[in-house]
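Chemist: Take this structure, written in structure tokens, and hold onto it; I'll ask about it next.
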Amino acid sequence: MKDRSKLRGRDVVATSVVGLRSRRGRTVLTALGIAIGIASMVAVVGISSSSKAALLAQLDSLGTNLLQVEAATGGLSIEPLPIDAEPMIRRIDTVQDASAVIDTGFEVRRNAYDDTLVGINALGVTPEFFETLQVTTTAGRPLEEGMRSLPVVVLGEVAAVRLGIHDLEGGPTINVEGHNFAVIGILDALPLNPDLSRKVLIGDEAAVAMLAVAPNPTSVYVRIDPDLVAETRPLLAPTANPGRPAKVKVSRPSDLLEARAEVDQNLQNLLLALGGVALLVGGVGIANVMVISVLERRGEIGLRRALGATRGHIRSQFVLEAALLSGLGGVLGVLLGSGITTVYARRQDWVVDLPPTALLAGVGAALAIGMFAGLYPAAKAARLDPALAVSGGTG
Amino acid sequence: MSTATESSLSSVPPNPGAAVLELQDVHRTYPGSPPVEALVGVDLRVEAGEMLAVVGPSGSGKSTLLNIMGTLDRPTRGTLLIEGTDTSKLNDRRLSGLRSARLGFVFQSFHLIETLSALDNVATGLLYRGATGRTRRKMAEVALERVGLGDRLHARPTKLSGGQRQRVAIARAIVAEPSLILADEPTGNLDTATGEGIVELLQRLNADGSTIVVITHDPDLAERLPRRVEVRDGAVLDGTVFDGTVLGGGVR
Ligand SMILES: Nc1ncnc2c1ncn2[C@@H]1O[C@H](COP(=O)(O)OP(=O)(O)OP(=O)(O)O)[C@@H](O)[C@H]1O
Ligand SMILES: [Mg+2]
């Protein structure tokens, strides 16, 4: 028998499009659910990849070859580093620079008569400190050789703000334990070592002589050959304190930044989960709307069956309608998500990084969700009794 | 009227005298409590080129009969032959194929798709034949011209009168050149004058060779058709009346 029903592929699509176009308002509203889900996913991926790219670029410029060697806290007592920890570390071949600092533990006041403490400690440093940390001053100048025993001080960026000193006009001073120190400079930001921005830096000799602190360094900052960081790192603790290497803690400040990026990862996962929920809800919404659509369109379904549509034709029409509906949401979502990413990244001064695979995956996921959501309503449509459907009867 | 029948018989039928459709002892019982016996042993033959009216009171089983003739429904018992093919042996796909090629439907409620133009509505009559869009539209235009709507090709159904809508539906039913056109109360939603026009159109199509079965409970309409079949309580009362004689309605 040659009487075969046949529906061309392009006509399957055209038929589904007709179905969607005839209910425009509903189509757009339904697609919106998926759009929001896909948009949040795309935005999360886009923003995180833009931020990662920006972070990597930042880390590259700051250098990941700076390590901090310090006396380990923990246990009952702190075992101070030996006095010659810095020269010993300098002796390692791969060490480019090293600089000891002494945390005096004393807090700074604006002047001898002001009892307000602002949570700013004084640190004893050598002039090498500025080279090792590769930091410059925004006002004045750093400590120089010959100033190590003078009552002069360089303020960290945050410390300067807290102390209310914005420039060197009028020769500002600060007070530590009754001693006045003349401010000779204010430091630039230290993205890798934000803790140092909350310190004021005095000469190591001044710290020992005027404030009577032990000359043992509390930390040594070490700059290492960038290609040999991993190899050098294990040598630092035994070199700094050969007697008690376990009492030495070695850390890499850039790891902290990376760790902060990891914290962002948690937020990202949360946002991705929210996007997932939006997609799930969107998918259920599509299934819902399609079920309603099938009920409303019994007459049309009956007509198509009378015109020769097979159950398969009806099923593919509705599955495809659901997929297109969702796919439309996917396209909207990708556009929206890309827009959000672009605006956000621009604000942060990042380069916009939108992975093309993520964009394709967004549309693909939407199509798949729609197809899946359409399966049940389409099966319902295909199962309709044609005689009942044309008569517009129920049951 | 008999002239129309003769002219159609002389013009087209591929297999003169062969039954386009044949029902043999067809029963249809709708399940339920109690079950409804909508058809109880119907025998009916429709020959190529015929035009017949199926009449009967509401609930007598006319629509059930038409749905079974159109393979939209299957008999609970008995046989339906379409151009010699036993439809009880066909699966859903084959039946769909049969409908797409050999049957045309006209419904009381038109069943037009509102977002499509008259032309595109008629073209859906060929959609499941696998014809290209171009061919479909070309044939749809011809069909619309045949029903007198050659000037309203691009109008949406909402812009058309009831009679025009039914003409579009009729054009859709004939566009694939089916062997049999089944119309269930085609004038049911139309006023008398408009319904008149539809009947005349169907008669003209029949004169041009189409085989047509019209369900109606309008006796005036039925009387104008060359053959009437009356259904009462699921049974065909009197198989065939070829003249204008009113059927004995009191038999019960
Ligand atoms: N799907 C169904 N389920 C159960 N009973 C049905 C169904 N369809 C029709 N019936 C019953 O079958 C009988 C015949 O119905 P049918 O629709 O064929 O009558 P009809 O002659 O077309 O009536 P009308 O002139 O009102 O259209 C009626 O008693 C009706 O209630
Ligand atoms: Mg009826």
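The values are calculated or read from the model by the stated rules, or taken from the named source; none is laboratory data. Note that this is a predicted model, so its numbers are computed, not measured. Cβ: placed from backbone, ideal geometry, glycine included. Neighbour counts: every protein chain shown.
Chemist: If you take the residues in region B:48-65 that are in a loop (DSSP other than H, G, I, E, B) and out of contact with any Ser or Thr (no Cβ under 6 Å at 6 or more places or on another chain), which one is nearest to residue B:208 (Cα to Cα)?
Modeler: So in region B:48-65, the residues in a loop (DSSP other than H, G, I, E, B) come out as B:48-50, B:56-61.
Checking which are out of contact with any Ser or Thr (no Cβ under 6 Å at 6 or more places or on another chain) leaves us with B:56-61.
Values: B:56: 28, B:57: 31, B:58: 31, B:59: 33, B:60: 31, B:61: 30 Å.
Of everything passing the filter in region B:48-65, B:56 is nearest to residue B:208 (Cα to Cα).
Chemist: Pairs only if they're at least six apart or on different chains, beta carbon under 8 angstrom, first in region B:46-59 and within 14 Å of another protein chain (Cβ to nearest Cβ), second within 13 Å of ligand 1 (Cβ to nearest atom) and at pLDDT below 95; list them, first residue then second.
Modeler: Within 8 Å, the pairs are B:58/B:217.
Chemist: Collect the residues in region A:109-148 that are hydrophobic (A, V, I, L, M, F, W, C) and in a loop (DSSP other than H, G, I, E, B), keeping them in residue-number order. Give the steps one after another, and end with the answer.
Modeler: The initial filter retains those residues of region A:109-148 that are hydrophobic (A, V, I, L, M, F, W, C), namely A:112, A:117-118, A:120, A:122-123, A:125, A:129-130, A:133, A:135, A:139, A:143, A:147.
Those that are hydrophobic (A, V, I, L, M, F, W, C) and in a loop (DSSP other than H, G, I, E, B): A:112, A:117, A:118, A:120, A:133, A:135, A:143, A:147.
Chemist: Could you tell me which of the residues B:185, B:114 is touching a Pro at 6+ places or on another chain (Cβ under 7 Å) and of a type in the set (Asp, Glu)? Lay out the reasoning, then the answer.
Modeler: Values: B:185 fails: touching a Pro at 6+ places or on another chain (Cβ under 7 Å).
Step by step, each of B:185, B:114 is checked, and only B:114 is touching a Pro at 6+ places or on another chain (Cβ under 7 Å) and of a type in the set (Asp, Glu).
Chemist: Buried (at least 16 other Cβ atoms within 10 Å of the Cβ) and within 14 Å of another protein chain (Cβ to nearest Cβ), is that true of residue A:298?
Modeler: Numbers: buried (at least 16 other Cβ atoms within 10 Å of the Cβ): yes; within 14 Å of another protein chain (Cβ to nearest Cβ): yes.
Answer is yes for this residue.
Chemist: Within region B:18-25, is there a residue that is crowded, with 19+ Cβ neighbours inside 10 Å, touching a residue at least 12 places away in the same chain (Cβ under 8 Å) and within 15 Å of ligand 2 (Cβ to nearest atom)? So that I can check it myself, show each step before the final result.
Modeler: Taking region B:18-25 and keeping what is crowded, with 19+ Cβ neighbours inside 10 Å, we get B:20-23.
Now restrict to residues that are touching a residue at least 12 places away in the same chain (Cβ under 8 Å): B:20-23.
Add one more test, that the residue is within 15 Å of ligand 2 (Cβ to nearest atom), and what stays is none.
So far as region B:18-25 goes, no, none of its residues is crowded, with 19+ Cβ neighbours inside 10 Å, touching a residue at least 12 places away in the same chain (Cβ under 8 Å) and within 15 Å of ligand 2 (Cβ to nearest atom).
Chemist: Here's another thing I want to ask about it. Residue check: is residue B:187 away from chain A (no Cβ under 14 Å), within 24 Å of residue B:115 (Cα to Cα) and within 16 Å of ligand 2 (Cβ to nearest atom)?
Modeler: For residue B:187, the condition - away from chain A (no Cβ under 14 Å), within 24 Å of residue B:115 (Cα to Cα) and within 16 Å of ligand 2 (Cβ to nearest atom) - is met.
Every residue, every condition in (1) without any contact (Cβ under 8 Å) to a residue 12 or more places away in the chain; (2) surrounded by fewer than 15 Cβ atoms within 10 Å (Cβ to Cβ); (3) of a type in the set (Phe, Trp, Tyr), yes or no:
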| position | (1), (2), (3) |
| --- | --- |
| A:190 | no, no, no |
| A:207 | no, no, no |
| A:212 | yes, yes, no |
| A:226 | no, yes, no |
| A:233 | no, no, no |
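Chemist: Same structure again: Could you identify the single residue in B:124, B:135, B:79, B:115 that is of a type in the set (Val, Ile, Thr) and in a loop (DSSP other than H, G, I, E, B)?
Modeler: Working: B:124 fails: in a loop (DSSP other than H, G, I, E, B); B:135 fails: in a loop (DSSP other than H, G, I, E, B); B:79 fails: in a loop (DSSP other than H, G, I, E, B).
Only one candidate qualifies: B:115.
Chemist: Could you list, in sequence order, all residues of region B:53-97 that are over 14 Å from residue B:213 (Cα atoms), more than 16 Å from ligand 1 (Cβ to nearest atom) and either hydrophobic (A, V, I, L, M, F, W, C) or in contact with a Pro (Cβ under 8 Å, 6 or more places away or on another chain) (or both)?
Modeler: B:81, B:88, B:90, B:95
Chemist: From the list A:284, A:289, A:331, which residue is of a type in the set (Val, Ile, Thr), under 15 Å from residue A:19 (Cβ atoms) and away from ligand 1 (no atom under 16 Å from the Cβ)?
Modeler: Values: A:284 fails: under 15 Å from residue A:19 (Cβ atoms); A:331 fails: under 15 Å from residue A:19 (Cβ atoms).
On inspection, the qualifying residue turns out to be A:289.
Chemist: Can you name every residue in region A:277-291 that is surrounded by fewer than 20 Cβ atoms within 10 Å (Cβ to Cβ) and either over 30 Å from residue A:6 (Cβ atoms) or within 14 Å of another protein chain (Cβ to nearest Cβ) (or both)?
Modeler: Across region A:277-291, the qualifying residues are A:277, A:280, A:281, A:284, A:288.
Chemist: Could you please let me know if residue A:229 is away from chain B (no Cβ under 14 Å), farther than 30 Å from residue A:78 by Cα and of a type outside the set (Lys, Arg)?
Modeler: Spelling it out, it is not the case that residue A:229 is away from chain B (no Cβ under 14 Å), farther than 30 Å from residue A:78 by Cα and of a type outside the set (Lys, Arg).
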